[in-house]
2 protein chains.
Amino acid sequence: MKKVKIEIIPIGDEILIGQIIDTNSAWMATKLTREGFEIVAISTVGDRADSIMKALDIAFSRADIVLMTGGVGPTKDDITKTTLCNYFNTRLVFDDTVLENINRIFAHKKHVLNELTRNQALVPENCTVIQNRVGTAPVLWFEQNRKILVSMPGVPFEMKTIMTDEVIPRLKKQFQSIDYLKCSFLVAGITESALATRLADFEAQLPGNFSLAYLPSYGLIRLRLSAWGNENSSEMEIQKEKLKNTVKDIIVDASDKSLETILGEALRSKKLTLSTAESCTGGNIAHRITLIPGASDYFKGSIVSYANQVKSDILGIDSKAIERYGAVSQEVVGQMAQSASKKLKTDCSVAVSGIAGPTGGTPDKPVGTVWICTKTPTEIVTKKYQFGTSREENINRTVNMALLQMIKMLI
Amino acid sequence: MKKVKIEIIPIGDEILIGQIIDTNSAWMATKLTREGFEIVAISTVGDRADSIMKALDIAFSRADIVLMTGGVGPTKDDITKTTLCNYFNTRLVFDDTVLENINRIFAHKKHVLNELTRNQALVPENCTVIQNRVGTAPVLWFEQNRKILVSMPGVPFEMKTIMTDEVIPRLKKQFQSIDYLKCSFLVAGITESALATRLADFEAQLPGNFSLAYLPSYGLIRLRLSAWGNENSSEMEIQKEKLKNTVKDIIVDASDKSLETILGEALRSKKLTLSTAESCTGGNIAHRITLIPGASDYFKGSIVSYANQVKSDILGIDSKAIERYGAVSQEVVGQMAQSASKKLKTDCSVAVSGIAGPTGGTPDKPVGTVWICTKTPTEIVTKKYQFGTSREENINRTVNMALLQMIKMLI
């Protein structure tokens, strides 16, 4: 059995001029790889008929399935649909079910339907039309010479809904994809090069059809061991154990879950509640935690004490402690955690105080200095970290390390 | 004079399995577009000789310049260099200046040079080698049939340094690029299709060499008018004025700035301070505001009252009001805003309360119902919004609309 090959074609001038970062393709690639499909290329082109035609020719020369995103909104710079008609030698016809769907969407949003939106109900005659539950642009599914092309909107949440509910299930039904075997370990507390050195022997003995990838992200590294084909499943078990033993001491989790998911599950299973008191992260820890549906079961709230006065007024931090030790100190972050769980009446709490930069550093406490305190009903851990010089990096690393420090106390 | 066309080829299996998001290409596209080059495609392929060879053939068929990133580190799966030798019919030779550079980098980092890293001094014979000041992999510059290929590392920091210091200056010297003219308007309170209807006459009269793009993002639409060539600059002024007049009533800003930047500048110029009280956004409004360096000048903090008890205990919301009207109500969100600015001692405040979903909706208040209250020293605005059914969308739209509602009161 051979691997089923997919090419993704994101369409849009806004990507080619750098105005938006294409995050859709990585999301799609992750999901599709997990389902056993192989992505052979991601080919971004502009909103021009000739560019799209050429991209389609190239894609069909190397892939079995082509997934196009973008270029299908109601505005006239969206020429994808007419180009697809030319490519597949067909014409646009009016589709009543699409119009019904558009009317339903518009009724819900209380907007008035206009001519341009109504035109979204025009679809190529010889394709399968899949309704878009969450938007007005329909999904177009073409089949020709045993190959498939799907055109879908580029709006991320529309694309994700369509891929999850419609496209992936249909592709799985139609193609017998080869199983993609993988296991994943989330590790922390090690640099990428130190990890590579530690794993040199493991990699040297790894069979040629297995691969090990490193995904570093703000203080964490996800290791992914993978191979194609079920015939490798017993070897995968063996290699997985070897890998696990090699990194045993630094493993956070042996799944593909996010930190906020792992934390949420730990709190839920232990019936514990959580609050945060945040300074340099400005609410991003609470934001990450509340991205998970149902977080209200265990997360109660946060006090973002960006200014020192808020630390004293709301959290009741001793202003003398702030004066004496500074806001970025073991003493203050410890009081912040204590106060958060007391005032927000939670079992556990996370507090952070640091210097995100680019300014505000001193020789004693340079930019990137962060204190994190995590508290459970029976334990308090307060720890100092030294991150980098980039504000964005410092905020993201602080969030990850705070979630991690809390997780470690709960699992 | 014709536009100089560039194709970007990011190389790496890690992009194709979705393990990393390609942010390099957007950065490169922004810089190159600004310098007057046109990006015609971004074509990501895997670490395989045949994929890279095919991508090069395709790229040279439509572009004058090909910029390859990635696939040049010291690890064994990096086959780009030998593939380039095959493509350009040459062989690898040892380059002493590259070795010197590697030794310098390693001395600085206090690492020990190993065989794998030493091999990075092997370079194709008939190319120009550009030293990489900040890493060990050299930059390879090929010229053939008046076309150019540059191969450079994919590590973002190295790529950015090389592009800024070496590649862009050399390309500008060698190619006479055409200026890219553009102007941008951020508009709100209108759907994409209603905007397109309103702009139909404007678009109809727009000269053929001008283009207008719509970039919608969570309740906002950025309009970008662009044209190539300085000879169009006076026409650009005329068109810009026409466009501005057509959307006058819905313009938020006439720049490329983010909402949080616009809000920060407004607060700073008026010497006003801000706090937030957040329910469904879980701290994301505060997070967005504090992404801006120097936000502590005007932003004091936030109370994330995810649980109702936190609304009463910390914000002091009348629990009878919560019982009577519900947490997602005009009364409660109004009290939240009042309390935030009182307790956090700020001039202005933003409060939000809503149902992000996927559960928690009722017939009266379906998922996506959000109340936003914004307060200045002299004015309070409380407004109900009805967003969609996706949690992620509802959170992001609430943040955008809250920032926007506050901005509108300040400018």
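The values are calculated or read from the model by the stated rules, or taken from the named source; none is laboratory data. Just so it is clear, the structure is predicted and the values come from calculations on it, not from any experiment. For neighbour counting, all protein chains shown are included, and Cβ atoms are generated from backbone atoms with ideal geometry for every residue, glycine included.
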Of these, A:Gly70, A:Gly46, A:Gly12, which one is touching a strand residue (DSSP E or B) at 6+ places or on another chain (Cβ under 8 Å) and either farther than 30 Å from A:Arg224 by Cβ or not assigned by TED's automatic domain parsing to the domain that holds A:Gln144 (or both)? A:Gly46
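Each row is one residue, and each column tells you yes or no for (1) of a type outside the set (Lys, Arg); (2) modelled with pLDDT under 95.
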residue	(1), (2)
B:Ile317	yes, no
B:Arg324	no, no
B:Ala337	yes, no
B:Lys342	no, no
B:Lys365	no, no
B:Glu379	yes, no
B:Phe387	yes, yes
B:Asn400	yes, no
Could you please tell me which pairs satisfy a Cβ distance under 6 Å, a separation of 6+ or placement on different chains, a first residue in segment A:224-245 that is free of Cβ contacts under 8 Å to residues at least 24 places away in the same chain and within 14 Å of another protein chain (Cβ to nearest Cβ), and a second residue that is assigned to a helix (DSSP H, G or I) and hydroxyl-bearing (Ser, Thr, Tyr)? none
Give the residue, chosen from A:Tyr214, A:Tyr218, that is in contact with a helix residue (DSSP H, G or I) (Cβ under 8 Å, 6 or more places away or on another chain), of a type in the set (Ser, Thr, Tyr) and at positive phi. A:Tyr218
Residue identified as touching a Gly at 6+ places or on another chain (Cβ under 8 Å) and assigned by TED's automatic domain parsing to the domain that holds A:Arg268 among A:Thr378, A:Thr374, A:Thr346, A:Thr389: A:Thr389
Would you confirm whether or not segment B:310-332 contains a residue that is assigned to a strand (DSSP E or B), more than 25 Å from A:Gly360 (Cβ to Cβ) and either away from chain A (no Cβ under 14 Å) or in contact with a strand residue (DSSP E or B) (Cβ under 6 Å, 6 or more places away or on another chain) (or both)? no
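Here is a yes/no grid of residues against (1) surrounded by fewer than 19 Cβ atoms within 10 Å (Cβ to Cβ); (2) in the same structural domain as A:Gly264 (by TED's automatic domain parsing); (3) touching a strand residue (DSSP E or B) at 6+ places or on another chain (Cβ under 7 Å):
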position: A:Ala340; (1), (2), (3): no, yes, yes
position: A:Ala351; (1), (2), (3): no, yes, yes
position: A:Gly357; (1), (2), (3): no, yes, no
position: A:Asp364; (1), (2), (3): yes, yes, no
Given the criterion more than 30 Å from A:Asn232 (Cβ to Cβ), among the hydroxyl-bearing types (Ser, Thr, Tyr), within 14 Å of chain B (Cβ to nearest Cβ) and touching a residue at least 60 places away in the same chain (Cβ under 8 Å), identify the matching residue among A:Thr69, A:Thr33. A:Thr69
Any residue that is within 23 Å of A:Glu38 (Cα to Cα), aromatic (Phe, Trp, Tyr), over 21 Å from the mean Cα position of the chain (by Cα) and crowded, with 18+ Cβ neighbours inside 10 Å - is there at least one of those in segment A:142-151? yes
Across (1) part of a loop (DSSP other than H, G, I, E, B); (2) surrounded by fewer than 19 Cβ atoms within 10 Å (Cβ to Cβ); (3) touching a Phe, Trp or Tyr at 6+ places or on another chain (Cβ under 7 Å), B:Arg268 clears everything bar (1)
Are any residues in segment A:259-274 within 25 Å of A:Arg397 (Cα to Cα), touching a residue at least 12 places away in the same chain (Cβ under 8 Å) and not aliphatic (A, V, I, L, M), and if so, which ones? A:Glu260, A:Thr261, A:Gly264, A:Arg268, A:Thr273
Name every residue in segment B:41-59 that is crowded, with 19+ Cβ neighbours inside 10 Å, in contact with a Ser or Thr (Cβ under 7 Å, 6 or more places away or on another chain) and more than 7 Å from every other protein chain (Cβ to nearest Cβ), in order of residue number. B:Ile52, B:Ala55, B:Ala59
Could you grab me the full set of residues in segment A:293-343 that are of a type in the set (A, V, I, L, M, F, W, C) and under 28 Å from the mean Cα position of the chain (by Cα)? A:Ala295, A:Phe299, A:Ile303, A:Val304
Any hit, segment A:99-116, residues being touching an Asp or Glu at 6+ places or on another chain (Cβ under 8 Å) and either under 29 Å from B:Ala200 (Cα atoms) or of a type in the set (Lys, Arg) (or both): no
Among the residues in segment B:368-376, are any within 11 Å of chain A (Cβ to nearest Cβ) and in contact (Cβ under 8 Å) with a residue 24 or more places away in the chain? yes
Exactly one of B:Ser193, B:Ser184 is modelled with pLDDT of 90 or more and not hydrophobic (A, V, I, L, M, F, W, C), and that residue is B:Ser184
Determine whether A:Gly283 is within 14 Å of chain B (Cβ to nearest Cβ), within 30 Å of the chain's Cα centre (by Cα) and without any contact (Cβ under 8 Å) to a residue 24 or more places away in the chain. yes
Those residues of segment B:210-220 which are facing another protein chain (nearest Cβ under 10 Å) and either assigned to a loop (DSSP other than H, G, I, E, B) or farther than 27 Å from B:Ser258 by Cα (or both), in sequence order: B:Tyr218
Give me the pairs: first residue in segment B:286-300 and under 11 Å from B:Arg268 (Cβ atoms) and more than 7 Å from every other protein chain (Cβ to nearest Cβ), second residue part of a helix (DSSP H, G or I) and of a type in the set (Asp, Glu), beta-carbon distance under 7 Å, and six or more apart or on different chains, which are they? B:Ile292/B:Glu260
Examine segment A:221-230 for a residue that is outside the structural domain of A:Gly294 (by TED's automatic domain parsing) and in a helix (DSSP H, G or I), and state whether such a residue exists. yes
Is it true that some residue in segment B:170-191 is basic (Lys, Arg), surrounded by fewer than 18 Cβ atoms within 10 Å (Cβ to Cβ) and under 25 Å from B:Asp22 (Cβ atoms)? yes
